[in-house]
Amino acid sequence: MNSNPPGVVAIVDDDPAVLDSLKFLLEVVGYRVATHASAEAFLDGRASWGHADGGRAGWPACLIADHYMPRMTGLDLAERLRDDGVDIPILLITGSPSPAIVSRAAQLGVVRVLEKPPEEYDLLSFVNSYL
Amino acid sequence: MNAARYWLSAIAESTDDAIIGKNLNGVVISWNKAAAGMFGFTADEIVGQPITAIIPPERLDEEALILDRVRRGERLVHFETERRRKDGTIVPVTLTISPIRDDAGRVIGVSKVARDLSEAHRAHLVSGRREALLSSILDTMPDALVVIDDRALIQSFSTAAERLFGFTAAEVLNRNVSMLMPSPYREEHDKYLTRHLTTGERRIIGIGRVVVGMRKDGTTFAMELTVGTVELPGAKLFTGFIRDLTERQDRERRLREMQAELIHISRLTDLGQMVSALAHEVNQPLAAMANYINGARRLLAAGNQAGGQQAIERVAEQSERARQIIRRLRDLVKKTDSAKQRESVPVTIEEATALALVGVGQGLKLEIRVAEDAAEAVIDKIQIQQVLINLMRNAVEAMGTMARRELTVSASRIGEMVEIRVTDSGPGLPESVRTRLFQPFVTTKPEGMGVGLSVCRSIVEAHGGELHGDDAAGGGTVFRFTIPRATAPVPTVA
């Protein structure tokens, strides 16, 4: 559905209201946003973006992912991307940033872990670093 | 009469078979009790009379033939024929006929043993066999059976009951069944029975219930009791089938049923999980609201009134969503007031105790005391049972494997409230825990979530009462809480 061209912020969250509100905020600030209702839906976009072997030219600039999702969690998604050699910057949002989640996120090179609901400043400064 | 003859005569009197002696002319010489029952003539009526009195006219020839053969020293075994009762009715019999000889070996008379073959008699025999079958079934059945009479005296105590309670049948027969119950049921049982016999009120009859039993060694256990009544002419018996819930298989089966019945209890156990799931749910609308508001603030600052307005509509939706979630959370712990009704305090405690003690095993002494003026309260029974189960499970866990494990649950009146106390003989509360006892997530258990006591307190407070934990007088811990006392008498339920 979304073509996810470069210069876009990708958001993955299974909660439609959270997804829509994040898109709304980021668009108001001036970013282009692509939303995905699940980790699987995000991964489905890879074919059209080109594989990341030679860098991630066709990919979204950064990814904001909810951790607590059915089937595939935000961390599972991060692991899958890293396994595929994709080093897209990731912001993970989770209701309870337990030590286990934080340390696994660090291993996977997740840039930041924010507790839900995240502060606007933290969100925007993450996106701002890559766009 | 010498001893051997005395015995013989006693045997002749006690057998079910008619034993008749007659001389060679067919005159009756002796006539036992069974003969009187079978043919309707008393010994006085028939001794000295010809035996033909009990022979149907068409069989008179047969009798002559028999006498003839016996005179020659022959013996007839299980000869099937018919005889006639005093009232003229015919009775089918099988006869064993032998000659009686004097010291010289001469035949001087005839002994006739007659067995009744009629339906009525056969039914009597069959019922005897059925009784034997029943008793063998009862002996091999895993459920225990205790039969009492209308004075609560034990009339029958099956093999399984012996195993379950540790008493032999001989130790309990004709003793009051209340010996198998802990206080206060022990003292109350006669009253229940008397009330049932006089008013017909049924509190347990025909309904399976979980109650507490007491073994010979004084330990208590949860059991499922089903009581039935047997009306006999002139007597009323009560049968109690008992299933031990501490036995593993049944325990698991029954636990599953109970969880279905009392979903609240499993809710309580899963509360830790529930809290984190709900926190996640509440966080979703909160996160969305924060995003919409931040965006709206920017739009409004830039003069985009319409866009800001739209975003605020979204905020209102998410705020309503959060409210719904919070309401569901509240419903989980605190039901509406309509669920509160007049309940029996002893029954509430008894059922909770039985549930709390499921799986606890042997070696725990339980005492329940409910003062008469604290017998009824206006409560949400399931919620108060949750509190009781929680406090009792805590108590049992605190006592661990200590040698002396005593749990006392008592209730008494304090003003317009009923105070319930759960006292254990455990090590008592550590000082560090005591002051923060009811804060969520404070626990003395390595794996506990620690939300139990704070939920208990919420439930008690929703009943207008208070919950406190303290040192018990003889060491250990006592938790006490209050619930509103019922003032008018409970209407009796038929």
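Miscellaneous remarks
- Criterion: within 25 Å of B:M289 (Cα to Cα), at pLDDT below 85, surrounded by 13 or more Cβ atoms within 10 Å (Cβ to Cβ) and touching a helix residue (DSSP H, G or I) at 6+ places or on another chain (Cβ under 9 Å) - qualifying residue of A:G58, A:G95, A:G74: A:G95
- Qualifying positions in region B:40-79 - assigned to a strand (DSSP E or B) and among the β-branched types (V, I, T): B:V77
- Screening region B:286-306 for residues that are farther than 16 Å from A:V29 by Cβ and at the interface with chain A (Cβ under 9 Å from one of its Cβ atoms) and picking the one that is surrounded by the fewest Cβ atoms within 10 Å (Cβ to Cβ) gives B:L286.
- As a summary of the residue check, B:R129 satisfies the conditions (1) touching a helix residue (DSSP H, G or I) at 6+ places or on another chain (Cβ under 8 Å); (2) farther than 30 Å from B:M223 by Cβ; (3) not assigned by TED's automatic domain parsing to the domain that holds B:D17 except for the one numbered (1).
- Unmet requirement for B:H468, which otherwise passes all of (1) modelled with pLDDT under 80; (2) surrounded by fewer than 16 Cβ atoms within 10 Å (Cβ to Cβ): (1)
- Test result for B:I54, more than 51 Å from the chain's Cα centre (by Cα) and under 18 Å from B:L117 (Cα atoms): yes
- For region A:100-121, the condition of being within 30 Å of B:N304 (Cβ to Cβ), more than 14 Å from chain B (Cβ to nearest Cβ) and outside any loop (DSSP other than H, G, I, E, B) holds for at least one residue.
- Failed item in (1) free of Cβ contacts under 8 Å to residues at least 40 places away in the same chain; (2) in a loop (DSSP other than H, G, I, E, B); (3) acidic (D, E), with B:E82 passing the rest: (2)
- Hey, B:T94 in contact with a His (Cβ under 8 Å, 6 or more places away or on another chain) and either in a strand (DSSP E or B) or touching a residue at least 24 places away in the same chain (Cβ under 8 Å) (or both) or not: yes
- Subset of region B:196-217 that is at pLDDT 85 or above and either over 16 Å from the mean Cα position of the chain (by Cα) or loosely packed, with under 12 Cβ neighbours inside 10 Å (or both) - its residue that is farthest from B:R404 (Cα to Cα): B:K216
- Region A:65-91, subset touching an Asp or Glu at 6+ places or on another chain (Cβ under 8 Å) and assigned to a strand (DSSP E or B), residue farthest from the other protein chains (Cβ to nearest Cβ): A:A65
- Filter pass, B:D103 being outside the structural domain of B:G37 (by TED's automatic domain parsing) and surrounded by fewer than 17 Cβ atoms within 10 Å (Cβ to Cβ): no
- When B:S111, B:S135 are checked against the criterion of being in the same structural domain as B:K191 (by TED's automatic domain parsing), surrounded by 11 or more Cβ atoms within 10 Å (Cβ to Cβ) and under 30 Å from B:I19 (Cβ atoms), B:S135 stands alone in meeting it.
- Some residue of region B:183-190 being modelled with pLDDT of 80 or more, over 21 Å from B:L357 (Cβ atoms), surrounded by fewer than 12 Cβ atoms within 10 Å (Cβ to Cβ) and touching a strand residue (DSSP E or B) at 6+ places or on another chain (Cβ under 9 Å): no
- Once region A:23-40 is narrowed to residues that are closer than 12 Å to A:I64 by Cβ and free of Cβ contacts under 8 Å to residues at least 60 places away in the same chain, the residue that is nearest to the other protein chains (Cβ to nearest Cβ) is A:K23.
- Residues in region B:307-319 that are within 9 Å of another protein chain (Cβ to nearest Cβ) and either loosely packed, with under 13 Cβ neighbours inside 10 Å or in contact with a Gly (Cβ under 6 Å, 6 or more places away or on another chain) (or both): B:A311 only.
- Single residue of region B:62-92 satisfying the filter (within 19 Å of B:I46 (Cα to Cα) and of a type in the set (V, I, T)) that is surrounded by the fewest Cβ atoms within 10 Å (Cβ to Cβ): B:T89
- Answer from B:R342, B:R297, B:R243, B:R330 - the residue that is among the basic types (K, R) and modelled with pLDDT under 80: B:R330
- The single residue among B:V27, B:V91, B:V77 that is touching a Gly at 6+ places or on another chain (Cβ under 7 Å) and at negative phi turns out to be B:V27.
- A:E27, sole failed condition from (1) under 25 Å from B:L286 (Cα atoms); (2) outside any helix (DSSP H, G or I): (2)
- Residues within region B:214-229 that are within 18 Å of B:E351 (Cα to Cα) and not hydrophobic (A, V, I, L, M, F, W, C), tallied: 4
- The residue list B:L164, B:L134, B:L117, B:L180 contains one member that is in contact with a strand residue (DSSP E or B) (Cβ under 8 Å, 6 or more places away or on another chain) and within 23 Å of B:K236 (Cα to Cα), which is B:L180.
- Restricting attention to region B:159-201, the residues that are farther than 20 Å from B:V212 by Cα and among the β-branched types (V, I, T) add up to 3.
- Scope region B:263-285; condition at pLDDT below 90 and facing another protein chain (nearest Cβ under 8 Å); matching residues: B:S276, B:A279, B:H280, B:N283, B:Q284
The values are calculated or read from the model by the stated rules, or taken from the named source; none is laboratory data. Please read all numbers here as calculations on a predicted model, not as lab measurements. Every residue, glycine as well, gets a Cβ built from its backbone with ideal geometry; the counts of neighbours run over all protein chains shown.
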